[in-house]
Amino acid sequence: MNDQLQALRVRDPERTQVRSGTIRGGLMLLLAVAALSWESPGALAQENAPEARLITLDACIRTALLRNRALQIQRLNPEIARDTLSGSRGYYDPVFIGDARRESSSDSGGFDPADYSRDAIYDAESETVRLGLAGVLPTGMSYAFSGSYANSYGYRNFLDFDSYNLYAGVAIQQPLLKNFWIDQGRMTIRVNKKNLEITELGVAYLTMDVINQVQQAYCELLAARDHLAVQERLVAMRSNFQAGLERQVEVGMLTPPDTHLARSQHATAQAEAATARNLVTLSENALRTLLGDAWTDSADVPLAPRERLTAVTALFDLSASWDHGLRQRPDLAQLRTDLERADIDLKYRRNQLFPSLDLVAGYGRRGASTIESSNLGARIAASSSDAFGQISGGDNPSDMIGVIFTMPLMRQTERANYRVGKHLKAQAELLVKQKEELVMREISDALNSARSGLERLRAAGRAVEFARTALTAEERKLAGGKSTLFFVLQLQRDLATAESTEIRAKADYNKAVSQLQFADATLLETHQIAIEFVEP
């Protein structure tokens, strides 16, 4: 099978771009498996039955990686996490502020000792425009660019007036202690990066799990078909044996009651063959579910594996499996990434213990032009160009620099949050250690199961040879009149049982090897499958 390995050219129906050897669409799976598709020859089809679909293990794995429903669902998680990360980077997006308005106001006067401006009599129109651009830099510095334009005209205390007021400036505020090396925005972005890594590792873990499930389901299908073949051979053997007895009844060598036992055993074998046939159907359905097959299109189509159920002796090295599993298991890597996430959270909580010491600075320019006249009823106009000239020439500058210091006297909330963060990190560390121990135990159990399965398989193979030899000898004794029908029928049953036991041992051994490859994270390497995540 490995001689036929070649790069696949496949198309993922959901957001994929076709490229030799790749499946691209947020998740890119580089597969090197046999490029074998479903076939429908009629050689294996029974009369009046649907044509069987020839399948291979590599083709099943390829199909499952593309169409398995659980994997399709899991593959959306990195996309969700990537979009969430992209959204959190919006923390640094600048914000534009625009405000434009026109106002009319008037006051007929009247003395107000609480507000001396009420003594004025005025009627004014004003137009104002305010523009600004504000945001935050990755250093934690906040900035604000602002500009304003105002034009007011009318009369006040029987004097006409017209004025322009312009302003342009910039202000910054840079934290020096609290929120200096990490703030809420930077923490959120870093945490979301770790969340993205965790979801990608989740896809890798589920990919391994799906491959393991497909391998085990494929083995179960092979075992079910071989078991059915054993039962059908037993039915044929019992049928031939019964036919021989009936011929002896016809010639008077036996009486009809002598055939009752053979008929009973024949009927029992037929019942067991029906059970085995149903087991094949159930195994096919289990494999179809993993492959994501459309049930309405393929539920009645038998699956015919090209491979036979065989067992290849593997080399078992517990230390090497431990080392590889602890380094490559995606679920263990997820917990380690979660520990890094807890460390980011702890750094943020620790930074919040510091008082706020912010450096503030600003610079601006102003321009103004105002004219007042007693020429009632005539519209006078100030010069806006004078105001703009003052702005450009820096006639009326203003600058500011200083510090702002703020410190809660108790900091009870910050201290409690920091203690919580320490506990969460300690918990994450313990979860990693616990998972490492569980992974080592899982690998050890899987390796011991594979070793035990190999020993069981070898013993089952010897049992089949002995049962076949015993049956042959007993049939010869029966032909010579030195045995009975009961012993021959019993040995036929023993041979079928031994063959079924060997088949079960082969399937269990292959499943144990697959579980070991899953436990020590060598499954992807075995099938030459690499997983790479790329941004769409």
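Rule-based calculations on the coordinates, nothing more; no lab input. Given the structure is predicted, the values throughout are model-derived calculations rather than measurements. Glycine also receives a Cβ, built like all others from the backbone with ideal geometry; neighbour counts cover every protein chain displayed.
Pairs of Cα atoms nearer than 8 Å and 6+ residues apart set the relative contact order; for the range 453-536 it is 36 percent. Here the calculated FRET efficiency for residue 350 and residue 103, from their Cβ-Cβ distance with R0 = 60 Å, stands at 0.75, rounded to the nearest 0.05.
Per-residue ellipticity at 222 nm computed for the chain from its helices equals -19000 deg cm²/dmol, with DSSP H segments shorter than 4 residues left out and the rest contributing -39,500 (n - 2.57). Among the listed values [x] 149, 52, 47; [y] 61, 59, 56; [z] 63, 56, 45, the one matching Cα extents along the principal axes in Å as calculated from this structure is [x]. For the peptides 147-155, 328-336, the ranking by packing is 328-336, 147-155, with the highest mean count of neighbouring Cβ atoms within 10 Å listed first. Each label was represented as a point 7 Å from its Cα along the Cα-to-Cβ direction; for residue 448 and residue 127 these points are 8.9 nm apart. The angle separating the long axis of helix 384-393 from the principal Cα axis of greatest extent in the chain is about 70 degrees.
Extension gain for residue 236 to residue 181 (0.36 nm times residue separation, less C-alpha to C-alpha distance): 11.7 nm. Between residue 395 and residue 490, the modelled labels are 12.4 nm apart [label points 7 Å from Cα along Cα→Cβ]. Over the range 343-482, Cα pairs under 8 Å with separation of 6+ residues give a relative contact order of 28 percent.
Remark on residue 314: its backbone amide H falls under 5 Å from none of the residues 5 or more positions apart or on other chains, H modelled at 1.01 Å from N. Remark: relative contact order (the chain) = 20 percent; criterion is Cα-Cα distance under 8 angstrom and separation of 6 or more residues. Evaluating 6.51 cos²θ - 1.76 cosθ + 1.60 at θ = phi - 60° for every residue in the range 76-87, the Karplus couplings come out as 7, 4, x, 5, 5, 5, 5, 5, 5, 4, 4, x Hz, glycine and proline recorded as x. Fully extending the segment from residue 300 to residue 139 would add 51.6 nm, taking 0.36 nm per residue of separation and subtracting the current Cα-Cα distance. So which of 178/425; 194/511; 178/422 end up more than 23 Å apart by C-alpha? Check vs 23 Å cut-off fails for 194/511. Taken over the alpha carbons of the range 240-364 as equal point scatterers, the Debye sum produces base-10 log I(q)/I(0) values at 0.20 Å⁻¹ of -1.12.
At an R0 of 51 angstrom, the distance between the Cβ atoms of residue 278 and residue 251 translates into a FRET efficiency of 0.80.
Computed from the Kirkwood radius of its Cα pairs, the Stokes-Einstein diffusion coefficient for the range 323-441 at 37 °C and 0.692 mPa s stands at 158 µm²/s.
Fully extending the segment from residue 268 to residue 370, taken as 0.36 nm per residue of separation minus the present Cα-Cα distance, adds 25.3 nm.
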